[in-house]
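Only one structure is covered here, and it is reproduced in the block below.
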Amino acid sequence: MSRIIRRRRRTFSRRGGTGKKVLLTLLFLLIAAAGATGFILFETEKPQLTLEKTISYLGGPVELPFTITDQKSGIQQIVITLEQNGGILQLFNKSFPRQAWLTQAGPKKITEKVTLDLTRAGAREGKADLVITVRDFSLNGLLKGNSSITRLPVTIDTRPPHVTIKHAQKYIKPGSSGIVVYEVSEPTEHHGVMIDSTFFQGYPLNGSNTTFIAYIALPWDAVKPESTRVVAKDQAGNIGKAVFSMRFKKAKEKKDRINVSDGFLNKKLPEFQEHYPEMKGTKLEQYIYVNTTIRKINAQQIAKICSTPVSEQLWYDRFLRMPGAGKAGYADQRTYYYQGRPVDHQTHLGMDIASTARVGIKAANRGKVIFADYLGIYGNMVILDHGQGLASLYSHLSSIETEVGKIVEKDELIAHSGATGLAGGDHLHFSILINGIFVTPVEWWDRHWIKTNIQNFITKIK
């Protein structure tokens, strides 16, 4: 009997030991789980803020682009405030809802572009601090989360720059050019002329820090502008304006008929098939694709090429015209006929001049070579940047005798004429552009026009 009792006691003892081990294991697991949970919920890594640009001034609308990252609990809140003379003004507040507890609770990365406008915020002129506070979803910091604070010293300026117009073009018509000269009272980050929705960048006049010149133009199909003004935006985002008026004249329309023959198609299409293998369909369909789609693409490419001109004036006096017979004019309205029926309509944006075959092509004025290559309907082409938005274009060339980046002098050889691109015979297609807009070259060949519309005012304002 006593032996049986001792065996039961040993059995109970072993069972009790096993139970304690299980309890200890469970307790350990609970503690570990609690520790892991606490480690996750109370993580201490702060959000990281990266500013895409530095802001020193605030006033009118100013964009503040930034990126925030938080790889642990995720981003909870972004607050932007302005601190000035002991007061705090909230400018931006964005919060994100919690998505989970034990996994990512908020977004890991956020890219924002906040527009700050203090013109009606009640801030005073002078010094202040722009404060950007970012919090994450951690329960660290008395359940408030980890926070990163970025403080930027700024100057509050809500007064727009003063713009004074010294001269503005009086008369203008479709395809015509002109200038506007103006003064700005303070340094700006952006200024120029707006004609309706088209912007023409201003450039320093004769090296001045306060007086600027903007070359303006209307495209061939322009209607009377509804709004013409000079605009200047300072570093604080304030915009100053000055309105001017121009008398609008209608331009005469000239019509032209172009007959497209099978011989022309057989001669020209292989050149374009080499450069544009996506062309499909009949010969006529391929030709229309070149004359419409490729023409439009080329115009966009030329505008881009001319979009970053040098800031100083490189040209002087009138532009030279190549000797030869004029074969087609600016803004000629061309209707294309195939086998006696109209198949397309386009506008000719330059002057065609014919001389002897492969005649030397010379620079119409001093400028920088910004393009010297093949381009679609224009064939082999050279573009010269004459500074401040003015450019000249030479196309259908048989050969190019210059290179990109070179400064060429007026009357310097740059190419030889040819029939590349959509040319029916050897000739030069010559164009003038203002900020990528094709204008009539006739004005720029005319010494009297240049003197009375440009040089007199530049000299007078010196």
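The values are calculated or read from the model by the stated rules, or taken from the named source; none is laboratory data. Quick caveat, the model's predicted, so the values are computed rather than measured. Here Cβ is always computed from backbone atoms with ideal geometry, including for glycine, and neighbour counts include all displayed protein chains.
Listed by position, the strands (runs of 3 or more DSSP E) inside region 342-416 whose residues that are among the basic types (Lys, Arg) number at least 1 are 360-362, 367-374. Pairs linking a residue in region 340-365 that is outside the structural domain of Ile414 (by TED's automatic domain parsing) to a residue that is buried (at least 17 other Cβ atoms within 10 Å of the Cβ) and assigned to a loop (DSSP other than H, G, I, E, B), with Cβ atoms under 9 Å and 6 or more positions apart or on different chains, do not occur. The residues of region 181-212 that are assigned to a loop (DSSP other than H, G, I, E, B) and of a type in the set (S, T, N, Q), listed by number, are Ser185, Thr188, Ser197, Asn206, Ser208, Asn209, Thr210. Output yes when any residue across region 146-156 is buried (at least 20 other Cβ atoms within 10 Å of the Cβ), at positive phi and in the same structural domain as Tyr57 (by TED's automatic domain parsing), and no when none is. Looking for residues that are buried (at least 20 other Cβ atoms within 10 Å of the Cβ), at positive phi and in the same structural domain as Tyr57 (by TED's automatic domain parsing), one finds none in region 146-156, hence no.
One residue is enough: does region 239-260 have a residue meeting the conditions among the acidic types (Asp, Glu) and either within 30 Å of Asp157 (Cα to Cα) or in contact with a Cys (Cβ under 7 Å, 6 or more places away or on another chain) (or both)? Within region 239-260, none of the residues are among the acidic types (Asp, Glu) and either within 30 Å of Asp157 (Cα to Cα) or in contact with a Cys (Cβ under 7 Å, 6 or more places away or on another chain) (or both).
Taking region 70-106, which residues are among the basic types (Lys, Arg) and buried (at least 17 other Cβ atoms within 10 Å of the Cβ)? Residue satisfying the conditions is Lys72 alone. All told, Asp129 meets the bar of being touching a Pro at 6+ places or on another chain (Cβ under 9 Å) and exposed (fewer than 15 other Cβ atoms within 10 Å of the Cβ). Of the residues making up region 70-125, those that are in a loop (DSSP other than H, G, I, E, B), free of Cβ contacts under 8 Å to residues at least 24 places away in the same chain and within 30 Å of the chain's Cα centre (by Cα) number 1.
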